[in-house]
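Reviewing the structure listed below.
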Amino acid sequence: MIEPSLPRVKRRAVLVRGVVQGVGFRPFVYRLALETHLAGSIGNNTNGVTIEIEGAVEGIDEFLKRLRTDAPPMARIDSVAVRDLEPTGESEFRIVTSRVLGSVSTGIPADAATCVDCLRELLDPRDRRYRYPFLNCTNCGPRFTITRRIPYDRPQTSMAAFPMCAACQAEYDDPLNRRFHAQPNACWDCGPKVWLVDPEGKDLPADDPVAACIDRLMAGQIIAIKGIGGFHLAVDATNEFAVMRLRERKHRYGKPLAVMVRDIDAAREICVLSPEEEALLQTAPRPIVLACARDRKAIAPAVAPGIPWLGVFLPYAPLQHLLFADPRVQALVMTSANLSEEPIAIDNDEARTRLKDIADAVLLHNREILQRCDDSVAAVVDGAPQLVRRARGFVPLAVELPLRLELDAPPLLAVGGHLKSVFALARGRYAYQSQHLGDLENLSGLEFFKESLDHLMRTFEITPQTVVHDLHPGYLSTAWAKEWAQERGLPLIGVQHHHAHIAGCMAEHALDGPVIGLALDGTGYGTDGRIWGGEVLVARLDGFERFAHLEYVPMPGGDAAVREPWRMALAHLRAAGFDVTSADILDRLGATEREARLLARMMERGINAPLTSSLGRLFDAVAAVVLNRRVVDYEAQAAIELEGMAVDEPDHGDGYPIAIEGENWEKREPLRMNVAPLWAELLRDLRGGVIKARMAARFHAGVANGFTRVAAVARAATGISTVALSGGVMHNRRLARMLRMKLEAEGFHVYQHCRVSPGDGGLSYGQAAAAAAKLNKS
């Protein structure tokens, strides 16, 4: 008689790298092993998740397949390495204790919005966590903002201060429970608490501090609310007086404020949302999404004056859901709790000190925030999500570098720029960008930079051996990088600002290059010592040549010309041959003849009037003339308002003309884009009574036409048909769409940013990519 064959038994070791800690990966693997009838073990270590499985070959094959296809939603698997082991006869599957093994090569998950299951428990009177402001599970809750280091286990987080009660511990220990090894797991009996205080820190007794907070919000008060990555300043977004009081106290006079609403239905009521915008609003990071306002009467006019968009977002923490559980709360302004340009407050004592002159009351809790992290901001640009500010929900997730850039050399630090500061640590295939740090214009900003760098270096155990910086000698980041590197005897690599922008876009898409790079922004230090910003580059990752640029014009008053767009308008009109002392132009600029003559003398003599090729400054100048925008309250305000003016206008093919001059690139002399014809036709429209919206639309079309023509000339000279778009101006949805459409119509392959910001928030990633290419080449 033939004996039935026994299943072939094998044992395999599996190492999974990526974001696989703190996301429910171990219980998922445990359940998967039971379902596929395998024995073995799983544990965390600093390399990732280590698994050993033993059983029938068919079960192992199914396990390895489903390991990728069925992984938890917060997990990100970067690699799976498998090797054979000798079978041991093990009969059970176990979860073993985390181990520290060498340098860190796994990731910390980002903070994630409250999941559907936790939200149901939060609002269920029968649940033991009913209205508990800090409930979470392995699929949601704080991660990065409460983590000290890897492995991601409770003792390494700020939850170490809260021993679990018996009920929570039982959930934590049960591999089949949704809260198995959920490190922030807690409840009313054992977890953090919330309470309300006045601006001086004196307790305001209340049976329900959240309900008391809501009462005050509905009475028009400003409440500082401690959240996931810092404090928010909250007011009723339908109360114009309350919003104006907040602006006055926060010293934020014009910049739009973000609005949180109850759910996606409420967001639809105040904004016209595309399917892509609705999907973006409901992703786990819950970013602020910039969308067109629908009913401006539903929200106080002071929330977003002068523009057609609102920054809207949904609750992402249980405490925020509790605020909106009260039917009186329709919409809340939720803005970072700080004075303008300062880092967000995170500590209870710090909040009481810094916010006592802003907030009428403070809603505190006692779960320590270990890392400041603002809300992320995103928009749908040309049909795809684009990050404006990469912070909560995205940090510290790694952004891959192209495989060929994998650093065999020691790791590096790229310090970014000056505005919208973000640094990056790069090692191997990955760059770890910091959260948005704000502008490096004061000591508090620099301290936040250093605090965040120390945290990420410690967390990922990365010790940079090369430091990368911008070329601008006046940037605080450049000065700090040079000093920091000198103290440690480390080499420095300087990367030109606009090359870093294009290199970042190339690295995101793993482009070999060369490409035609359109680097369009407000300010960047050029290799000739001038201020660039309207650049056409022939770029590789390790270098570039300047093919063309907007014609230089002076910036009368230097930085004052950024704050006062009328100065740039006067400079452009003078360069275009107009008499800037004429009554017509003075009236349009709101300037006096004395001011015009003073600025003209400054430009003639080159006194405090640096030359710039910036497209951002051209936007400012046109906004000053078309919209009478003499001064701005925040960065890019004039350009944003100009884009907003054209929002309902169709795309105009007859854009204002831009002349291309000096077509002699064979001698490596950059072509010049002369905007004098643009100004002549724009002023003709203005004097002819053409509506502002049409002029704004024609300007956008003219810019898109001009750079498309230059790209075609560059292709004829180089044979390159790939275009990378980058720089802060690429946040302009109208221009980004028009450029892509016109370039593709000319047969170009066009690439835009998707995982990092095209603005200066993505600069450090581009610096890291460019420096890695240079290091590998050498």
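The values are calculated or read from the model by the stated rules, or taken from the named source; none is laboratory data. Since we're looking at a predicted model, the values are computed, not measured. Because the Cβ atoms are built from the backbone with ideal geometry, glycine has one as well, and the counts that use them run over all protein chains shown. Accessible surface areas use protein heavy atoms only, side chains included; no ligands, DNA or RNA. Shrake-Rupley method; radii C 1.70, N 1.55, O 1.52, S 1.80 Å.
Mind listing whichever residues of the range 340-356 are within 21 Å of residue 634 (Cβ to Cβ), open to solvent by 30 Å² or more (accessible area, probe 1.4 Å) and touching a residue at least 40 places away in the same chain (Cβ under 8 Å)? Scanning the range 340-356 gives 340, 341, 342.
Among the listed residues 168, 137, which satisfies the condition of being open to solvent by less than 20 Å² (accessible area, probe 1.4 Å) and free of Cβ contacts under 8 Å to residues at least 40 places away in the same chain?
Exactly one residue qualifies, and that residue is 168.
Looking across 684, 698, one residue alone is basic (Lys, Arg), out of contact with any strand residue (DSSP E or B) (no Cβ under 7 Å at 6 or more places or on another chain), open to solvent by 50 Å² or more (accessible area, probe 1.4 Å) and at pLDDT 95 or above. It is 684. Has the range 482-491 got at least one residue that is open to solvent by less than 30 Å² (accessible area, probe 1.4 Å), in contact (Cβ under 8 Å) with a residue 60 or more places away in the chain and either part of a strand (DSSP E or B) or among the small types (Gly, Ala, Ser) (or both)? Checking the range 482-491: not a single residue is open to solvent by less than 30 Å² (accessible area, probe 1.4 Å), in contact (Cβ under 8 Å) with a residue 60 or more places away in the chain and either part of a strand (DSSP E or B) or among the small types (Gly, Ala, Ser) (or both).
The condition of being in contact with a strand residue (DSSP E or B) (Cβ under 7 Å, 6 or more places away or on another chain) and either among the hydrophobic types (A, V, I, L, M, F, W, C) or not in a helix (DSSP H, G or I) (or both) holds for only one of 591, 609, 596, 624, that being 609.
Of 739, 775, 743, 763, all but one fail to be open to solvent by 40 Å² or more (accessible area, probe 1.4 Å), assigned to a helix (DSSP H, G or I) and closer than 28 Å to residue 543 by Cβ; the exception is 775. In the range 74-87 there is at least one residue matching the filter, namely being closer than 30 Å to residue 225 by Cβ, under 24 Å from the mean Cα position of the chain (by Cα) and either free of Cβ contacts under 8 Å to residues at least 40 places away in the same chain or open to solvent by 10 Å² or more (accessible area, probe 1.4 Å) (or both). The number of residues in the range 421-449 that are open to solvent by less than 30 Å² (accessible area, probe 1.4 Å), assigned to a strand (DSSP E or B) and either small (Gly, Ala, Ser) or under 12 Å from residue 462 (Cα atoms) (or both) comes to 5.
For the range 282-339, how many residues are in a helix (DSSP H, G or I), free of Cβ contacts under 8 Å to residues at least 24 places away in the same chain and in contact with a Phe, Trp or Tyr (Cβ under 8 Å, 6 or more places away or on another chain)?
Within the range 282-339, the first condition is being in a helix (DSSP H, G or I), and the residues that meet it are 296-298, 301-303, 318-324.
Applying the additional criterion that residues be free of Cβ contacts under 8 Å to residues at least 24 places away in the same chain yields 296-297.
Now narrow it down to the ones that are in contact with a Phe, Trp or Tyr (Cβ under 8 Å, 6 or more places away or on another chain): none.
Matching residues across the range 282-339 total 0.
Among residues of the range 248-265 being at pLDDT 95 or above and surrounded by 18 or more Cβ atoms within 10 Å (Cβ to Cβ), the one that is nearest to residue 358 (Cα to Cα) is 257.
Can you tell me which residue in the range 556-572 is nearest to the chain's Cα centre (by Cα), limited to those that are hydrophobic (A, V, I, L, M, F, W, C) and crowded, with 24+ Cβ neighbours inside 10 Å? Break it down into steps so the answer makes sense when it comes.
As a first pass, look at the range 556-572 and keep what is hydrophobic (A, V, I, L, M, F, W, C): 560-562, 566, 568-571.
With crowded, with 24+ Cβ neighbours inside 10 Å added as a condition, the list becomes 561, 566, 568-571.
On the way: 561: 27, 566: 30, 568: 29, 569: 31, 570: 34, 571: 33 Å.
Going through the qualifying residues, I end up with 561.
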